[in-house]
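The values are calculated or read from the model by the stated rules, or taken from the named source; none is laboratory data. Predicted model, so just to flag it, every value in this text is computed and none were measured. Because the Cβ atoms are built from the backbone with ideal geometry, glycine has one as well, and the counts that use them run over all protein chains shown. SASA here: full protein model, heavy atoms, side chains in, ligands and nucleic acids out. Shrake-Rupley method; radii C 1.70, N 1.55, O 1.52, S 1.80 Å.
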2 protein chains.
Amino acid sequence: MKIGILGYGNLGRGVECAAKQNADMEVTCVFTRRDPSTVKILTPTAKVYNVKDILEHKDEVDVLIICGGSATDLPEMTPEYAKYFNVIDSFDTHANIPTHFANVDKASKDTDHIAMISVGWDPGMFSLNRVYADAILPDGKDYTFWGRGVSQGHSDAIRRVEGVQDARQYTVPVPSALEAVRNGEMPELTTRQKHTRECYVVAKEGADKAKIEKEIKEMPNYFADYDTTVTFISQEELDRDHKGIPHGGCVIRSGVTGWNRENTHVIEYKLTLDSNPEFTTSALVAYARALDRMYKEGKRGCLTVLDVAPKYLSAKSDEELLAHML
Amino acid sequence: MKIGILGYGNLGRGVECAAKQNADMEVTCVFTRRDPSTVKILTPTAKVYNVKDILEHKDEVDVLIICGGSATDLPEMTPEYAKYFNVIDSFDTHANIPTHFANVDKASKDTDHIAMISVGWDPGMFSLNRVYADAILPDGKDYTFWGRGVSQGHSDAIRRVEGVQDARQYTVPVPSALEAVRNGEMPELTTRQKHTRECYVVAKEGADKAKIEKEIKEMPNYFADYDTTVTFISQEELDRDHKGIPHGGCVIRSGVTGWNRENTHVIEYKLTLDSNPEFTTSALVAYARALDRMYKEGKRGCLTVLDVAPKYLSAKSDEELLAHML
């Protein structure tokens, strides 16, 4: 299976790493908006091309993994390239998924391609666990907790505050809330009761730290609804202690069964990730395999993780799965 | 959707409870080997018939859920009734799954039916989580822990010991092993290091307790390879404190990513169940819905949970799933 990468940042590099672990796939091309000669990639056998020449390399790619941002890149790029390639992306703006799906579905169906959107962990593995758990325990309640992990969006928001040189924000589930949910208590939880936000901030020389702290804590949408702590540290400390991009979280559903609702069950799916982008791309390449197989079986149009049977993701044969994994 | 139940014990009752929670399905018939007039069921609108008359009621059943034991019932019953019905079972003898699959596949294909085997939690939800995690993190290690929960097979084994009146056995994961796995340490673990076995035993009057304890602890396959504790209690205590059939466990995969394998990830799927049979039947009815839909789409032959896309389990529409669950 030949994989093309469109866009070369953390996700693009992650796809290379993930493909290397799978004997049945190889990265053949990386397409970039930059001058290809300035882009250094990891895979010795892959070529770097400018994205303007992408159509010349259609035959070198079975599935094109689009590694762009959800805010502006993917809503344009995925429907556009779905006209020429079988594409897959990690679009993660939940509210806009139906629109993005419709656009990609039309583009891929019109041109006899297959496509998949919103692959990763949330949306992605968390989504399918929400669906499985909801179907099995219809009389219950769902919870999604994120963290402890770095939120890139919140870190960026802090960096835009006047006087801030650099910052890293961790989203942290509230332990007592998690415990109540895991105990099957099915609590009603406000935003503030579910997560806290920890901010590590490097102030510029001479900046007013009290003012920075106040501005962060009162920022609407990002921090105002949370218990937020702000810790000022040096750039050296930030670079040394907060370099990674760990993330994770859990989807928990608790529900009751029995003729008189007398029994309680808890289903939990939990991820603890050293590298958010590398886990996302590990999911992307497994679903790229599924996409390629379903294309060969005649499937067309846009899919999500909810449309894909688990066996399509696996490099193992049906016989192997039946004998050893079931 | 009309559900038939074949065999009326804990599982049969569980199917009734689960179907009651789903507005799109109803239990129409219960088939039993006993005299139907002696079988009292929960669903007021369902009828009880003797299994010898089952073929007269083919039109009253869309999916027949076969609620039998894996040792002797299901290997015979599922292939037999797959000739006349769309059937689903919870066959759980892992080693015999390929044979059982082949038998049911042939019977259902020959007669233009669809079938599904080994639905529940292990095999079942645990299986598909093993497959997802293995596909996403190919460079890693799998662990399955069971418990804390009641093992019916081990409880039965103790009851067969001379001088034992009643018994209940709990399988318990070793906390330090679980912790090492959750930390991503990928330890090598022996059988003894993964689980302990707690036995609550009611001795008959005048029985030799030391002899009973020794015999349990040295029992090959069941207890000899484990650290086993035996606690003697009264029948009243057993009935009062050990009446439930809770179970659960977790599937954990830990794996590395990155060009130099520098990042570690842990995926955990965990179940905490008040009632083992009721959770199993909750999964069975969700997959019965999937089976009925896939049948209507033209699918035939035997499937497992690995062949079913998550959306088929859900009572929600595609649009609802896309907008709210993804």
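A Cβ distance below 6 Å, combined with a sequence gap of six or more or placement on separate chains, defines the contacts here; from the range B:300-317, residues that are at the interface with chain A (Cβ under 7 Å from one of its Cβ atoms) and over 19 Å from B:Val131 (Cα atoms) reach no residue that is open to solvent by less than 40 Å² (accessible area, probe 1.4 Å) and part of a loop (DSSP other than H, G, I, E, B).
B:Leu291: facing chain A (nearest Cβ under 7 Å), surrounded by 18 or more Cβ atoms within 10 Å (Cβ to Cβ) and of a type outside the set (Ser, Thr, Tyr), yes or no? No: the conditions fail for B:Leu291. If you go through the range B:111-128, how many residues are surrounded by fewer than 24 Cβ atoms within 10 Å (Cβ to Cβ), more than 17 Å from the chain's Cα centre (by Cα) and either of a type outside the set (Val, Ile, Thr) or assigned to a strand (DSSP E or B) (or both)? Result for the range B:111-128: 2. Filtering the range A:14-51 to residues that are touching a residue at least 40 places away in the same chain (Cβ under 8 Å), within 14 Å of chain B (Cβ to nearest Cβ) and not in a loop (DSSP other than H, G, I, E, B) leaves A:Gly14, A:Val15, A:Cys17, A:Ala18, A:Ala19.
Please go through the range B:231-255 and give me each residue that is surrounded by fewer than 21 Cβ atoms within 10 Å (Cβ to Cβ) and either part of a strand (DSSP E or B) or within 14 Å of chain A (Cβ to nearest Cβ) (or both), ordered by number. Result: B:Thr231, B:Phe232, B:Lys243, B:Gly244, B:Ile245, B:Pro246.
Based on what the data block shows, is B:Ser108 more than 30 Å from A:Val266 (Cβ to Cβ) and modelled with pLDDT of 95 or more? In short, yes. Go through the range B:55-82 residue by residue and tally those that are hydrophobic (A, V, I, L, M, F, W, C), under 27 Å from B:Thr93 (Cβ atoms) and surrounded by fewer than 19 Cβ atoms within 10 Å (Cβ to Cβ). Qualifying residue count, the range B:55-82: 1.
Every condition in (1) under 30 Å from B:Gly249 (Cβ atoms); (2) more than 9 Å from every other protein chain (Cβ to nearest Cβ) is met by A:Ala286 except one, and the failing one is (2).
Being in contact (Cβ under 8 Å) with a residue 40 or more places away in the chain and either open to solvent by 10 Å² or more (accessible area, probe 1.4 Å) or more than 8 Å from chain A (Cβ to nearest Cβ) (or both) is a property that B:Met325 lacks. Which one is modelled with the lowest pLDDT among residues in the range A:129-158 that are within 15 Å of the chain's Cα centre (by Cα) and small (Gly, Ala, Ser)? That would be A:Gly153. Restricting attention to the range A:4-54, the residues being among the aliphatic types (A, V, I, L, M), in contact with a Ser or Thr (Cβ under 7 Å, 6 or more places away or on another chain) and crowded, with 18+ Cβ neighbours inside 10 Å number 6.
State whether the residues of the range B:270-278 include one that is of a type outside the set (Val, Ile, Thr), farther than 13 Å from A:Phe279 by Cα, touching a Cys at 6+ places or on another chain (Cβ under 7 Å) and not in a strand (DSSP E or B). Within the range B:270-278, one or more residues are of a type outside the set (Val, Ile, Thr), farther than 13 Å from A:Phe279 by Cα, touching a Cys at 6+ places or on another chain (Cβ under 7 Å) and not in a strand (DSSP E or B).
Here A:Gly69 clears all of (1) in a helix (DSSP H, G or I); (2) of a type in the set (Gly, Ala, Ser); (3) free of Cβ contacts under 8 Å to residues at least 40 places away in the same chain except the condition numbered (1).
Looking only at the range B:211-224, count every residue that is at pLDDT 95 or above and open to solvent by 70 Å² or more (accessible area, probe 1.4 Å) and tell me the total. Total meeting the criteria: 5. Six or more apart or on different chains, Cβ under 7 Å: which pairs go from a residue in the range A:244-268 that's closer than 28 Å to A:Trp121 by Cβ to one that's open to solvent by 40 Å² or more (accessible area, probe 1.4 Å) and of a type in the set (Phe, Trp, Tyr)? Could you list them? Close Cβ pairs (under 7 Å, with a partner that is open to solvent by 40 Å² or more (accessible area, probe 1.4 Å) and of a type in the set (Phe, Trp, Tyr)) amount to A:Gly249/A:Trp146. Within the range A:257-266, one or more residues are within 11 Å of chain B (Cβ to nearest Cβ) and in contact with a Leu (Cβ under 6 Å, 6 or more places away or on another chain). Residue check: is B:Ala288 under 22 Å from B:Asp24 (Cα atoms), in contact (Cβ under 8 Å) with a residue 24 or more places away in the chain and either in a helix (DSSP H, G or I) or not aliphatic (A, V, I, L, M) (or both)? So B:Ala288 passes the test. Is it the case that the range A:257-266 has a residue that's farther than 30 Å from A:Ser317 by Cβ, open to solvent by 20 Å² or more (accessible area, probe 1.4 Å), assigned to a loop (DSSP other than H, G, I, E, B) and in contact with a helix residue (DSSP H, G or I) (Cβ under 8 Å, 6 or more places away or on another chain)? Yes, that holds for at least one residue.
Among the residues of the range B:98-124, the one identified as within 30 Å of B:Val256 (Cβ to Cβ) and at the interface with chain A (Cβ under 7 Å from one of its Cβ atoms) is B:Pro123.
In the range A:252-259, the count of residues that are of a type outside the set (Lys, Arg) and modelled with pLDDT under 95 is zero.
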